[in-house]
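The values are calculated or read from the model by the stated rules, or taken from the named source; none is laboratory data. Model, not experiment: these values are computed from the prediction. All Cβ positions, even for glycine, are placed from backbone atoms using ideal geometry, and neighbour counts span all protein chains on display.
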Amino acid sequence: MKQKAYFTVEDLVVDYGGVRAIDGIRLALDKGEIRGLIGPNGAGKSTFIDAVTGRRLPTAGRVTLGGEDITRLSIIARRDRGLSRSFQRTSIFADMPVLEQVFLASHQARAEHPEEDALAILKELDLEAYADWRAGDLGYGQQRRLDLALALVGSPSVLLLDEPMAGLTVTESRDLAEHLKRLARERRVTVLLVEHDMEIVFGISDRVTVIELGKPLAEGTPDEVRANPKVREAYLGSAA
Amino acid sequence: MLHFKYLLWLLAGILLPQIVGSATLMSLLTQAVIYALFALGVGILLRQCGLVSFGHAAFFGSAGYIVALLMRDLEFGAGTAILLTLFALAVVAFLLGLVVSRIPGIAFGMLTLAIGQTVYLSTLQSRELLGGADGLNIAWPGSIFGLDVRLFYDPAGMFVISWVVTLAVIYLLDRLFRTRFGSITSAIRDNEERARFIGLNITLPKALVYSLSAVVSGLAGILSAIYTGFISPETLHWSVSGMALIMTIVGGVRHLWGPVLGAILFFFVKEYVGELTDYWMAMLGAVVILIVVFAPNGVSGLIAPLLERKKRVTKTVVGKQVEAGS
């Protein structure tokens, strides 16, 4: 008998007034799994992440983490249970030194040694040299990495990443992809990756879910999704 | 080093009345320092939470009224009445802050304006208890906190007292904002959403800063009430809040001494430009526009880089700075 998935989203519905932005999306992710979530612009990917992380309350549906229903929990309570996210637009504390903000996040996550923890994360993301920099003075790629550092603080068990490669160079994107793979394999972090760079999504995801206009379109291994005629027609095009 | 800097400013304030010969100038400086403390109260809310209050005159003015009532009707001593007033302001502002600080941007400003004007109009209507438009004369006892009350009425004496109080408040706030609490409020001001997603409670720190800013404003209001021996509804009017806000914007909030500088500049412009033209307010308005556009960190933001020696900071963590090669 298959073990119940670690992180599940069941029949999620999100309405914006009269518009149904998310209509019955289901996901079940195992521990340490990397799941790609793709879809054309306006498919509802960011809305989905917002609803799962508590930024927006869903109209209907259920989200569970480690068997616990977290659908109605506050953002802070979800964070305490190990659910973390990055944002489509870089979301950092621009006026604060890099180390200070990662330290603050680490302390908030009740790390035993917050300063060491913060320094380790900065080292992991090649930001150590910028520890004393005002975050707003960093380059865009560095700010994206800092955004990810803030999401990684406190060793989250589920990481939802909203276009983390946006604005990064090819090398930076590949480095980040490698880093995500290590997180999943070595630390058993479950990653939901929303990303437009198909090469990376199909390269590192265990499974890929495709949504269109807020509805599920397809799901499977990267090869299965690539071969799916509906996906080819709706999203990937003949180049896929 | 930090303590030495404060000691120098303290000595400068104590010596200033010996240098200033003119009683008019001394009185102007005394008023400026009292309002500097008020502007500091408004400024910390802007600095730590990014919130613009149009209603802090409610705390500035009501502090004098509460002290007066505690002494007149409940026969408290001056010292006890002052401490109780500050405590009451802290509690009321904290509870109010739990509600109003959840409201973002301009809506927060409008709400504080409404609260401030409600306090002003209620005071104006209360003839029997608060003296209505005539206000209240405050019968201060012979000494306050062991100091002869005549020292408080004398411009030079009051200048030194207000200067010491203002410096002490700046010192304490500076220490406080270097702790994790300061980092938390700065983080919330910078990016409330991200702050929430790293697990920070947003409302409580904002309410605490609101309460703190109310206490500082109230302290200024008490000094003003002691100095004049009188309290009237005018001190509660929104224009008094606006004046403190102008001082804060002119001085800038990046540095705690910014609002203090803004208040001193404001009083000098009011006094000396006001003698030259009746349109000094219009000129001040133009100065505020220029500062907002060209120097968003205020005059202190222009001066600070010239004053500060470049320091190579080798390591910075919350509440701890290790400096090298200063």
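Filtered by the rule that a residue be under 16 Å from A:Pro156 (Cα atoms), touching a Leu at 6+ places or on another chain (Cβ under 8 Å) and at the interface with chain B (Cβ under 7 Å from one of its Cβ atoms), the stretch A:105-139 gives A:Ala105, A:Gln108. Every test in (1) within 14 Å of chain A (Cβ to nearest Cβ); (2) buried (at least 24 other Cβ atoms within 10 Å of the Cβ) is passed by B:Ser217 save one, and that test is (1). Checking B:Leu204, B:Leu200, B:Leu172, B:Leu167 one by one, the residue that is assigned to a helix (DSSP H, G or I) and either under 30 Å from B:Gln125 (Cβ atoms) or within 14 Å of chain A (Cβ to nearest Cβ) (or both) is B:Leu204 and no other. Within the span defined as the stretch B:42-52, one or more residues are in contact with a Leu (Cβ under 8 Å, 6 or more places away or on another chain) and assigned to a loop (DSSP other than H, G, I, E, B).
Each residue in the stretch B:275-320 was checked for being surrounded by 12 or more Cβ atoms within 10 Å (Cβ to Cβ), at pLDDT 80 or above and among the aliphatic types (A, V, I, L, M), and 12 of them qualify. Scanning the stretch A:140-151 for residues that are touching a strand residue (DSSP E or B) at 6+ places or on another chain (Cβ under 8 Å) and away from chain B (no Cβ under 11 Å) turns up just one, A:Leu148.
Checked against (1) more than 24 Å from A:His113 (Cα to Cα); (2) more than 14 Å from chain B (Cβ to nearest Cβ); (3) in contact (Cβ under 8 Å) with a residue 12 or more places away in the chain, A:Glu199 passes all but condition (3).
Determine, yes or no, whether A:Gly32 is surrounded by fewer than 17 Cβ atoms within 10 Å (Cβ to Cβ), touching a Lys or Arg at 6+ places or on another chain (Cβ under 8 Å) and farther than 26 Å from A:Gln143 by Cβ. Let's see the steps before the verdict.
Working: surrounded by fewer than 17 Cβ atoms within 10 Å (Cβ to Cβ): no; touching a Lys or Arg at 6+ places or on another chain (Cβ under 8 Å): yes; farther than 26 Å from A:Gln143 by Cβ: yes.
In short, no.
When we screen A:Thr47, A:Thr8, A:Thr71 for residues that are in contact (Cβ under 8 Å) with a residue 60 or more places away in the chain and among the hydroxyl-bearing types (Ser, Thr, Tyr), the only hit is A:Thr47.
When you scan the stretch A:136-144, do you find a residue that is under 15 Å from the mean Cα position of the chain (by Cα), under 20 Å from B:Arg194 (Cβ atoms) and surrounded by 22 or more Cβ atoms within 10 Å (Cβ to Cβ), even just one? Yes, there is a match, as at least one residue in the stretch A:136-144 is under 15 Å from the mean Cα position of the chain (by Cα), under 20 Å from B:Arg194 (Cβ atoms) and surrounded by 22 or more Cβ atoms within 10 Å (Cβ to Cβ).
Every condition in (1) in contact with a helix residue (DSSP H, G or I) (Cβ under 8 Å, 6 or more places away or on another chain); (2) in contact (Cβ under 8 Å) with a residue 24 or more places away in the chain; (3) among the aromatic types (Phe, Trp, Tyr) holds for B:Phe197 except the one numbered (2).
Quick check: anything in the stretch B:70-80 closer than 25 Å to B:Ser239 by Cα and hydrophobic (A, V, I, L, M, F, W, C)? Write out each step before concluding.
Taking the stretch B:70-80 and keeping what is closer than 25 Å to B:Ser239 by Cα, we get none.
Checked the stretch B:70-80: no residue is closer than 25 Å to B:Ser239 by Cα and hydrophobic (A, V, I, L, M, F, W, C).
Here the helices (runs of 4 or more DSSP H) wholly within the stretch A:143-240 that include at least 1 residues being touching a helix residue (DSSP H, G or I) at 6+ places or on another chain (Cβ under 9 Å) and small (Gly, Ala, Ser) are A:170-187, A:198-204. For the stretch A:63-104, a residue qualifies if it is at the interface with chain B (Cβ under 7 Å from one of its Cβ atoms) and small (Gly, Ala, Ser), and the qualifying residues are A:Ser91, A:Ala94.
Here's a check for you: in the stretch B:67-109, which residue that is hydroxyl-bearing (Ser, Thr, Tyr) and surrounded by 16 or more Cβ atoms within 10 Å (Cβ to Cβ) is modelled with the highest pLDDT? Show your work before the answer.
The initial filter retains those residues of the stretch B:67-109 that are hydroxyl-bearing (Ser, Thr, Tyr), namely B:80, B:85, B:101.
Within this subset, residues satisfying the condition of being surrounded by 16 or more Cβ atoms within 10 Å (Cβ to Cβ) are B:85, B:101.
Details: B:Thr85: 98, B:Ser101: 90.
By that ranking, first place goes to B:Thr85.
Within this structure, B:Tyr272 passes the test of being under 25 Å from B:Ser162 (Cβ atoms) and modelled with pLDDT under 90. Do the conditions hold for B:Pro259, that is, is it modelled with pLDDT of 85 or more, of a type outside the set (Phe, Trp, Tyr) and buried (at least 16 other Cβ atoms within 10 Å of the Cβ)? Taking the combined requirement at face value, the residue satisfies it. Within the stretch B:149-161, the set of residues being within 12 Å of B:Ala78 (Cβ to Cβ) and more than 20 Å from the chain's Cα centre (by Cα) comprises just one member, B:Val149. Within the stretch A:40-53, does at least one residue satisfy the condition of being surrounded by 21 or more Cβ atoms within 10 Å (Cβ to Cβ), over 22 Å from A:Gly24 (Cβ atoms) and touching a strand residue (DSSP E or B) at 6+ places or on another chain (Cβ under 8 Å)? Looking through the stretch A:40-53, none of the residues is surrounded by 21 or more Cβ atoms within 10 Å (Cβ to Cβ), over 22 Å from A:Gly24 (Cβ atoms) and touching a strand residue (DSSP E or B) at 6+ places or on another chain (Cβ under 8 Å). Residues in the stretch B:175-194 that are within 12 Å of another protein chain (Cβ to nearest Cβ) and within 14 Å of B:Leu212 (Cα to Cα): B:Phe181, B:Gly182, B:Thr185.
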